[in-house]
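For reference, the structure discussed in these notes is given below.
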There are 2 protein chains.
Amino acid sequence: MKFTLLKQSTQNRARLGIIDTPRGRIQTPIFMPVGTVGSVKALTADDLEHCGAQIILGNTYHLYLRPGCEVISHMGGLHRFIHWDRPMLTDSGGFQFFSLAKLAKFTDDGVAFQSHIDGSRHFFSPEKSVEIQTILGSDIMMSLDWCMGYPATFAQAKTALEKTTDWAGKGYDYWQTQGAPNNLFGIVQGGMFKDLRTRSAQQLMQIDFSGFAIGGLSVGEPTDLMYEMADHTLPLLPENRPRYIMGVGTPENLVELTEMGCDMFDCVMPSRNARNGKLFTSRGDINIPNARFKFDPQPIDENCTCYTCQNYTRAYLRHLYKSRELLAYRLNTIHNLYYYLDLMATMREAIQEDRFDGFKRQFYETRSKGA
Amino acid sequence: MKFTLLKQSTQNRARLGIIDTPRGRIQTPIFMPVGTVGSVKALTADDLEHCGAQIILGNTYHLYLRPGCEVISHMGGLHRFIHWDRPMLTDSGGFQFFSLAKLAKFTDDGVAFQSHIDGSRHFFSPEKSVEIQTILGSDIMMSLDWCMGYPATFAQAKTALEKTTDWAGKGYDYWQTQGAPNNLFGIVQGGMFKDLRTRSAQQLMQIDFSGFAIGGLSVGEPTDLMYEMADHTLPLLPENRPRYIMGVGTPENLVELTEMGCDMFDCVMPSRNARNGKLFTSRGDINIPNARFKFDPQPIDENCTCYTCQNYTRAYLRHLYKSRELLAYRLNTIHNLYYYLDLMATMREAIQEDRFDGFKRQFYETRSKGA
């Protein structure tokens, strides 16, 4: 994998780049749709390509439990199994251990946990996480990290950071012994404490990771605090490596964090909101079940060129959603992911032409108009 | 609408025809996927075209309740509303009143019923059913009929038959006064009594319907009895009109009834079974959640050229189904409908080449091999 920085905005810290992998090129800044358990919910690879997806994410925790490494290995790896031949990133399991914390016990050596499906007992060490991701065959693997909720004390955040650094090293060493062609990213932790974030970044940068992520954000803290942490941490990271903020966020979050120099994003928001009838548009978000759409012959967004907007009306989408028709989930998801990926493409173009400030002004102005 | 009989098998009563409508040509014998509430569940029009659908069915009862005629009329009719520009057939509501009988009260003038959604009270007369179907704008409308379950006494079946004939006439007269371009079919009832079926057919044939359906089959009776009734009734119907057996059935049913001279079929079986993980193949049916498919790299059916079989393995489809992933429903539905529509195309070809007997022998032989 090779990261090339193509352009640096003169107006702010936004940057344009490309990541070249054996499975294809990724233009940054990029958003990665989340394919939790081997499927971006309701969509095929063709749908994802229509949406403009260049890389998707898989969840190691979920895939390890179901269908399991044995099946995926037998089927020739995750790409072949799910019929997606472009780049894929897998997380380490760290975030799921945090979000399903009742079932997880953190120790010095890793995380003991129970399956949320059948209660069976398992253990992830940093080496084990990398081993599983190698079996999955993802193009970008993530180091096992210790993720904290909000609020957390300084002492808690410090412990998590130290474990994260320790595990990052162990996972890296294991990866080196394997000689696998995959790439490995480190994850900065440190809670909402700038000095801990600095310490985490400095420690991880001692290791020659292919890229660096910022974890432990969007875990319940106020948006301004999330921005403050990202703004503090992003410039600490090496310029010649992709920077990835995990699990964020709204369209506004993507714009703000791209301006701060972030290259990669992932979030379940566009796909999950779609399944809940919440749709993004250039003029703000709408709730499709709302009565005001009952007779509305317009597409979700008149400026959108997605399959859904080209073929279906708000009135029909409202009917499908109210009737709990399966088609609703696919059409809504196509639209929301198309919106997110189109927003990223628009930002890349704005950086390329060094007019990010102008883009941002217009983005907020239009988003406030009402859809 | 114009029905042209192209070919009559010399081996049996199977026949090949075309129905020309302003919205396109239908090749018979044909299977019609069911789009209950304005959506063939989980599929778009593009998916349906891939499956080979030439005409789909909508349920008047369901569409009348939700989204309602006001919305569909405002949106320019059912075709535009659901984004399907080929022919569509709507049923009359009769079968739903039977299947949701707790909520329906049959009277001389029609059926009083309560919505299964909100309990609101409504009344369908034969005229009202035609009026609603005219608003929906379907290409083929069905007369309101009185459908009986199995078993029913001779007296019950006779009453239902007489009401059905009476309502057929009233609906037809109303339709004539409207001058709508849609077509109207009559529905033969008569329970499992041949003389009543004969009487029903003779009475309905006094009316110049565009086609004739056989209703009240596949309502719980043994398969042989269903075949006996169809075999008795089909030859009574006019040769120069399409013959449609409603709500049937399995692939074997389609083959047997096509051999008897039936031209049109509809059934929720392929789409409903798909959502329950039951998939049809040329070598028999399979339950995709079965453990034996866990590591199976084959497509559902190695002889199938559907989108699902071209791109996905049984192992992945099993995983999707076991994980309750939304994509499972779409991929399974595409396969099952493709299988049904391909079976009809194969039968049309066999009739065209006057080798239906040979086709049928091979069909049963292959279906028994095991998939």
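Read-outs: derived from the displayed coordinates by stated rules, not from any lab. The structure displayed is predicted, hence computed values, not measured ones. Every residue, glycine as well, gets a Cβ built from its backbone with ideal geometry; the counts of neighbours run over all protein chains shown.
Observations
- Spatially proximal aspartates and glutamates relative to residue A:369 (Cα-Cα < 20 Å; intrachain offsets below 8 disregarded): A:252, A:256, A:285, A:296, A:301, A:302, A:342, A:357
- Dipole orientation for chain B: of the candidates B:55, B:129, B:21, B:55 has the Cα lying most toward the positive pole (charges on Cβ; Lys, Arg +1; Asp, Glu -1).
- Counting all C-alpha pairs of the protein assembly as shown, share separated by more than 32 Å (%): 59 percent
- Packing-based ranking of B:11-17, A:120-126, A:38-44 yields A:38-44, B:11-17, A:120-126, ordered from highest to lowest mean Cβ neighbour count within 10 Å.
- Residues whose placed amide H lies under 5 Å from that of residue A:248, excluding near-sequence neighbours: A:266
- Cross-link partners of residue A:7 among lysines, defined as those whose alpha carbon lies under 22 angstrom from its own and excluding same-chain residues fewer than eight positions apart: A:360.
- Selection of GluC sites (Glu not before Pro), the stretch A:303-371, meeting DSSP coil and at most 13 other Cβ within 10 Å: A:353
- Averaged over B:42-51, number of beta-carbon atoms from partner chains that fall within 10 Å: 2
- Among the residues of A:300-313, the average count of other protein chain beta-carbon atoms within 10 Å of the residue beta-carbon is 1.
- Candidates B:293, B:280, B:265, ranked by Gaussian network fluctuation over chain B, Cα under 10 Å, top entry: B:293
- Hull volume per residue, based on the alpha-carbon atoms of the stretch A:239-326 and their convex hull, is 114 Å³.
- Dipole axis of chain A (+1 Lys, Arg; -1 Asp, Glu on Cβ), positive-most option in A:225, A:38, A:106: A:38
- Using only alpha-carbon positions in the stretch A:276-371, the gyration tensor eigenvalues give semi-axes of 27, 14, 10 Å once each is multiplied by 5 and square-rooted (largest first).
- Calculated label separations, residue A:238, copies of the chain, 7 Å along the beta-carbon direction, nm: 8.3
- The separation of the stretch B:103-134 from the stretch B:152-202, counted between C-alpha centres, amounts to 17 Å.
- Exposure proxy shown here: for B:368, B:129, A:210, B:92, the number of other Cβ atoms within 10 Å sets the order, fewest to most, as B:368, A:210, B:129, B:92.
- Least to most buried among B:88, A:192 (fewest other Cβ within 10 Å first): A:192, B:88
- Of all DSSP beta bridges in the protein assembly as shown, antiparallel share, percent nearest 5: 50 percent
- By definition, a body whose alpha carbon gyration tensor gives a ≥ b ≥ c is oblate when a/c is 1.5 or more and a/b is not larger than b/c, and the stretch A:108-225 fits this oblate description.
- Under the Debye formula (equal points on every Cα, no solvent term), log10 I(q)/I(0) of the stretch A:121-163 at q = 0.16 Å⁻¹: -0.56
- Near residue B:281, the amide H atoms lying under 5 Å from its own belong to B:286; only residues 5 or more places off or on other chains count, and H is placed 1.01 Å from N.
- Calculated diffusion of the stretch A:23-74, Stokes-Einstein form, Kirkwood radius summed over Cα pairs, 20 °C and 1.002 mPa s, µm²/s: 177 µm²/s
- Across peptide A:148-160, the mean count of Cβ atoms from other chains lying within 10 Å of each residue's own Cβ comes to 0.
- Neighbour counts of other Cβ atoms within 10 Å put A:47, A:357 in the fewest-to-most order A:357, A:47.
- Across B:41/B:105; A:2/A:105; A:102/A:158, pairs whose alpha-carbon gap is larger than 25 Å: B:41/B:105; A:2/A:105
- Among B:322, B:170, B:158: highest mean-square fluctuation, GNM of chain B, C-alpha pairs under 10 Å: B:322
- Size of electric dipole in the protein assembly as shown: Cβ of Lys, Arg +1 and of Asp, Glu -1, about Cα centre, debye, nearest 20: 720 debye
- Crossing angle, helix B:126-136 versus chain B [Cα axis fit, 0-90 degrees, rounded to tens]: 50 degrees
- Taking the Cα atoms of the stretch A:45-170, the ratio Rg/Rh between the radius of gyration and the Kirkwood radius comes to 1.01.
- Karplus-derived 3J(HN,Hα), 6.51/-1.76/1.60, for each residue of the stretch A:20-35, Hz, glycine and proline x: 9, 10, x, 9, x, 8, 10, 8, 10, x, 9, 10, 10, x, 9, x
- The stretch A:2-267, relative contact order [Cα under 8 Å, separation at least 6], %: 18 percent
- Cα centroid separation - the stretch A:290-354 against the stretch B:217-240, whole Å: 47 Å
- Here is how the number arises for chain A: DSSP H runs of 4 or more residues each give -39500 (n - 2.57), the sum is divided by the residue count, and the result at 222 nm is -12500 deg cm²/dmol.
- Gaussian network model of chain A, Cα within-10 Å springs - most flexible of A:292, A:330, A:272: A:292
- Per-copy distances of the residue B:179 label point, shortest first, in nm (7 angstrom along Cα→Cβ): 8.5
- The spread of Cα positions in chain A, taken along each principal axis and listed from longest to shortest, comes to 59, 49, 41 Å.
- Distances between copies at residue B:11, taken between label points 7 Å from Cα along the C-beta direction, are 7.3 nm in increasing order.
- Cα-centre dipole for the stretch B:322-371 with unit charges at Cβ (Lys and Arg positive, Asp and Glu negative), debye to 20: 340 debye
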